[in-house]
Amino acid sequence: MNHQPLAQQLVKKCLARGADAAEVFVESARHLSIAIRNGAVETVEEAATAGVGLRVIVGGRLAFAHCNDLRPAALDSAVARAIEFGRVTTADPSNALPRDPGVTAVEGIYDPAIAKVAMASKIDLAQTVEKLAMSDPRIAKSAGANYGEQESEVWLANSNGLAKSYRSSGCGVDVTVVAVKGDLQSPGNESCARRFFGDLLPPAEIAGRAAKKALERLDPRPLKTQRAAVLVDPDVVWPILGGLLAALDGEAVLQGASFLAGQLGRSVASGLLTLVDDGTRPRGLASCPFDGEGVPTQKRTVVAGGVLQGFLYNTIVGQRAGQASTGNAARDGFGSLPGIGAHNFSMSAGATPAADVVKATRRGLWLKEVTGYGIDAVNGNFSGGAAGLWIENGEVAFPVRGLTIAGTAREMLEGIDLVGSEIDLDRHFAAPLFRIREMQIGGE
Amino acid sequence: MKPVPGSAAEISRRQFLEVGLQGGLACVAAPALIERLFASGAPTTAPVSAPVAAARIDRALLERVIKRALGQGGEFAEVYVENRTARNILMEESRFKSAEFGISQGAGVRVIAGDQTGYAYTDELTAGKLLRAAEVASCIARGGAPIKPVGIRPTKRASRVTVKLPLGQVADERRLDVCRRADRAALDFDRRIKLARVSYYDEVRGRTIANSEGLFVTGELPLLYFIVHALSEGKGTRHMGRERISRHSGFEMFDQVAPEQVARSCAREAIAMLEARDAPSGKMDVVMQNGWGGVLVHEAVGHPLEGDSIAKKLGVFTGKLGQQVASPVFTMVDDGSLPNARGTTDFDDEGTPMQRNVLIEDGVLVKYLTDILSARQLGLARTGNGRRESFRYRPIPRMTNTFIDRGHDKPADIVASTRRGIYVQALSGGSVDDVSGMFNFTCREAYLIENGKKTAPVKGATLIGSCLEVIKNIDAVGDDLEFGPGTCGKGQRAEVEVGQPTVRIRGINVGGAAAQG
């Protein structure tokens, strides 16, 4: 069903009720998830749903209402509530809506075939992945395999005449198996998500990776507290990239709540670090033609050779900073105001093959698991729980767990001294294997 | 609560098995597609919304839906109908940046056949859509022998939530006023406080639950959640302090705990931590202050005792019922019936009454937390722990108000008898992998203990250890039980309260940036 007429009609209604500017975001989605365990279907969940988010500006004051009941009486009530709230917030000349009618051409974000694949094939895919992941006898338990898919369509209209929409899809497989030895249990998880069903990796590859992760960390040995090199696995780059992303948020920078405030144009990391935010990558999981408030997406290098190039903005925060929106208004569905977030956020690959990064390390921790909150965007402090593989003389010596690692963003970013050449871009935060020269590791 | 980009994600993020997407939890600001793929909610995650027409669904229709849900077989069917109105006000930089009003309604239909569950939901509360959801959910049971559902009849549940000032009767101006008062108190606390962020949230959630056992309950619950952040700056560093209060109650919550009190507590933390040096790293003794520190048992013990992972024989406490698993001074309780607490409801999201569940008594494991499905699978009683974030999710075993019960030690004596270690005054939150049994916590505010005295503040302390070991190493439990509010994540969110008296844990791994001196 095309909701563009509804979006435009609601914009008019907001204006008629007293808004000076209005934006309507409509989203409809279809969702399926299947959980398998020990070969049997454990749950099947299915639903279709739709909702509306209304953003209004009344005399410079910002307010929002959302509603998942699309009948006229409910929508009228939502409009009234938004306008009512628009009379109580604080006026700000920066409160404005986007004007750019353009959209970025992005290839391959919707796969019409997903819905046509038979349910039985989807169940079979998850069952196959689980079965293959259990093929090693040391893998004694399964925590299950999942298949999930979603198709959604968004329509956005605002009082500056914008009227845009796009349709997108995604699907994924996920498996967790457990290697057991006596009282020790070591889980290994692997997941694969893609825009297109046909792009999902072969089951054997996903299964093999999950089993390898469970087995390689089964029999951990204690480690003494020490300083040593840390190799960051592509699976655990979120504590670093996530912290950087939060510190790149233009609003945190304006508020002095980011360790990157005041660093524009300066060196903030090793020359080996380049970070790219790309909303345009073909078939990218976070690619789309426009952001959460209708601004065309772009591909931007935010850190180049260690030098900070720019921050992330939506329209309102950009206005406050005297900058144009960078197309980074992030919206978590129709029920949320647009905040600031990244698209496909990645650290660029380097020149050293991953195997050589390991070989070049005399003594170090190959991080395979990190817990905690990652780098604190406010002050750059970092501390977390850690597990992984211990490296001695360029080779994996034994698994370790129950460790802690700590340091500061500056120490970690400037300490990057080797960057792997292989990268899988089909991840939320993508990065190659890379090495930090030295960090504090807490153990026995 | 909508995550604010750049802020730490809400507490108790559990690295749970169903998703297993590394880091998915950390990227609060990023596009949500990946996280949504395996989670069971479609487009929205903000808990929201509304009483437009508190959908009236009659008993006859509920019975038809249950009957249709069992049309293909299965032993249990249930309809869960929900409506929610929510208000969310953000005051930041001393300005009201935004105000949000949310209205949501919908229903979920569930069918259980053996170990299998079918679930479907709809936003539209029409007979056609409800029956369609029942059909979709029923597919799981294809081929089974149908049972005959029992006719539903109204079921009474005791109320645990009292309201003096109903949220529906509170003028918006009063909501704005508590935000202003907190903002002013935080900024007035010290001139090194540069910024306050005050987030006000309230909701009224109506629920109607009917099932094939004949249950038919209905009720309405108010909820308030008030969070203050304060940013301090000085000595070349910054710290974001945080304090929260939350209750299932009317607006009278702010008469019991003044917004100024919340703000000052948060500002005090922000200022204290400006002086913090790097925490040491290595094994040491830890004393945890009463209150929110209870998140330790929530993660390290509570999650592994949830019936779903026990039924799958994955949890580290599998098969340990009746065994001594903890130190004899350790008793742990989950009680969803504490009056007006954040984790309290009149009945869980399957309609089971809330009760006090002693999980570990004097160190002996006596109970697991169950929902209807895991209780069936384990052959145990229902404990009132079947909860769901909204109609978009099927219920799963969750904690409510979880705490280490009061002991006999004096808090001051616990510190005085600790020669060297870390005093944890406030935790951000933690997580657990209940397969490997490893948990971890991040400290917000911590101090060194030197010669039995709390001394210098330290930053960046992570606590990490094994669930089975940590509860054996608790050797002192204070008499000062206190609670704190939070939000627990397990693929879907749940409002929880955690609590503990002051406790001491011997020999836990602490990770800071400094080498141990």
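As I understand it, the dipole of region A:220-444 uses +1 on the Cβ of Lys and Arg and -1 on the Cβ of Asp and Glu, about the Cα centre. Which of A:Val236, A:Ala377, A:Thr404 lies farthest toward its positive end?
A:Thr404
Charges at C-beta only: +1 for Lys and Arg, -1 for Asp and Glu. How large is the resulting dipole of region B:282-511 about its Cα centre, in Debye rounded to 20?
520
Quick one: if you stick a label point 7 Å off each Cα along the C-beta vector at A:Ser94 and B:Arg180, how many nm between them?
Computed distance between label sites A:Ser94 and B:Arg180 equals 2.3 nm.
Could you put A:Cys288, B:Cys266, B:Cys139, B:Cys467 in order, starting from the residue whose Cβ has the fewest other Cβ atoms within 10 Å?
So the ranking, lowest neighbour count to highest, is B:Cys139, A:Cys288, B:Cys467, B:Cys266.
How high is the relative contact order of chain B, in percent, with contacts defined as C-alpha pairs under 8 Å that are six or more residues apart?
Averaging sequence separation for qualifying contacts and normalising by length gives 16 percent for chain B.
How much of the DSSP beta bridge set in chain A is antiparallel, as a percent to the nearest 5?
Expressed as a percentage, antiparallel bridges in chain A total about 95.
Pairs B:Lys97/B:Lys235; A:Lys131/B:Lys313; B:Lys283/B:Lys459: which exceed 22 Å Cα-Cα?
Too far apart for the 22 Å limit: B:Lys97/B:Lys235.
Whole number please: convex hull volume per residue, Cα atoms of region B:40-275, in Å³.
Output value, Cα hull per residue: 153 Å³.
For region A:134-274, what does the alpha-carbon gyration tensor say about shape, rounded, prolate or oblate, given a ≥ b ≥ c as the root eigenvalues, a/c under 1.5 as rounded, and a/b over b/c as prolate?
oblate
Just how large is the dipole of region B:40-275 about the Cα centre, in debye to the nearest 20, putting +1 at every Lys and Arg Cβ and -1 at every Asp and Glu Cβ?
200
Apply the Karplus parameterisation 6.51 cos²θ - 1.76 cosθ + 1.60, with θ equal to phi minus 60°, to every residue of region B:99-115 and state each ³J(HN,Hα) to the nearest whole Hz, in sequence, with x for glycine and proline.
With the stated coefficients, region B:99-115 comes to 9, 10, 10, x, 10, 9, 8, x, 9, x, 10, 10, 10, 10, 9, x, 8 Hz.
Where does chain B land at 222 nm, in deg cm²/dmol rounded to the nearest 500, when only DSSP H runs of n ≥ 4 count, each adding -39500 (n - 2.57), divided by all residues?
-4500 deg cm²/dmol
Just check region A:1-156 against the gyration tensor rule for me: Cα atoms, a ≥ b ≥ c as the square roots of the eigenvalues, rounded for a/c under 1.5, and otherwise prolate or oblate depending on whether a/b exceeds b/c.
The shape class here is prolate.
Give the long-range amide H neighbours of B:Gly429: residues separated by 5 or more places, or on another chain, with amide H under 5 Å away, using H modelled in the peptide plane at 1.01 Å from N.
B:Thr442
Using DSSP to call loops (not H, G, I, E or B), can you name the chymotrypsin sites (Phe, Trp or Tyr not before Pro) in region B:57-163 whose Cβ has at most 14 other Cβ atoms within 10 angstrom?
Filter output for region B:57-163: empty list.
I need the calculated FRET efficiency for the pair A:Asn38 and A:Asp424, taking r as the beta carbon distance and R₀ as 30 Å, to the nearest 0.05.
Taking R0 as 30 Å, the efficiency between A:Asn38 and A:Asp424 is 0.55.
Picking from B:Asn83, B:Gly214, B:Cys179, whose Cα lies most toward the positive end of the charge dipole for region B:40-275 (charges on Cβ: Lys, Arg +1; Asp, Glu -1)?
Toward the positive end, the furthest listed residue is B:Gly214.
Would chain A count as rounded, prolate or oblate if I go by the C-alpha gyration tensor, calling it rounded below 1.5 in a/c and otherwise prolate when a/b exceeds b/c, oblate otherwise?
oblate
Quick one: give the max-minus-min coordinate of the C-alpha atoms of the protein assembly as shown along each principal axis, largest first, in Å.
Here the Cα extents, ordered largest to smallest, are 69, 64, 59 Å.
For a quick check: with amide H placed at 1.01 Å from N, whose amide H comes under 5 Å from B:Asn401's, ignoring anything fewer than 5 positions away on the same chain?
B:Asp335, B:Gly336, B:Glu497
If R0 is 25 Å, what FRET efficiency do you get for A:Tyr110 and A:Lys299 from their C-beta distance, rounded to 0.05?
Plugging the Cβ-Cβ distance into 1/(1 + (r/R0)^6) gives 0.80.
What do you get for the angle between helix B:172-189 and the principal long axis of chain B? Use alpha-carbon atoms, 0 to 90 degrees, nearest ten.
It is inclined by approximately 20 degrees.
From the backbone phi of region A:255-265, what are the Karplus-calculated ³J(HN,Hα) couplings (6.51 cos²θ - 1.76 cosθ + 1.60, θ = phi - 60°) in whole Hz, Gly and Pro given as x?
3J(HN,Hα) across region A:255-265, in whole Hz: 7, x, 9, 9, 6, 9, 4, x, 9, 4, x.
What residues from region A:26-65 fall in the zone where the backbone N is under 18 Å from a label point 7 Å along the Cα-to-C-beta line of A:Ile123?
So the set is A:32-47.
Using the Cα centre as the reference, give the magnitude of the dipole from point charges on the C-beta atoms of the protein assembly as shown (Lys, Arg: +1; Asp, Glu: -1; all else neutral), rounded to the nearest 20 debye.
Here the protein assembly as shown has a charge dipole of around 480 debye.
Work out, step by step, the length gained on full extension between B:Arg420 and B:Val150: first 0.36 nm times the residue separation, then minus their alpha carbon distance; give nm to one decimal.
Result: 90.9 nm gained on full extension.
May I ask you to compute the full-extension gain from B:Glu482 to B:Thr126, defined as 0.36 nm times their residue separation minus their alpha-carbon distance, rounded to one decimal in nm?
123.6 nm
Rounded to the nearest 5, what is the percent of antiparallel bridges among the DSSP beta bridges in the protein assembly as shown?
Of those bridges, close to 90 percent are antiparallel.
Please find the FRET efficiency linking B:Arg59 to B:Cys139, where r is the Cβ-Cβ separation and R0 is fixed at 35 Å, and quote it to the nearest 0.05.
About 0.85, to the nearest 0.05.
Tell me, what ³J(HN,Hα) does each residue in region A:213-223 have, in order and in whole Hz, if you take phi through Karplus 6.51 cos²θ - 1.76 cosθ + 1.60 with θ = phi - 60° and put x for Gly and Pro?
Once θ is set to phi - 60°, the couplings for region A:213-223 become 5, 5, 6, 5, 10, 5, 10, x, 10, x, 10 Hz.
The numbers here are math on the coordinates, done by the rules we state, and not lab data. This structure is a prediction, so every number in the text was calculated from the model and none was measured. Glycine also receives a Cβ, built like all others from the backbone with ideal geometry; neighbour counts cover every protein chain displayed.
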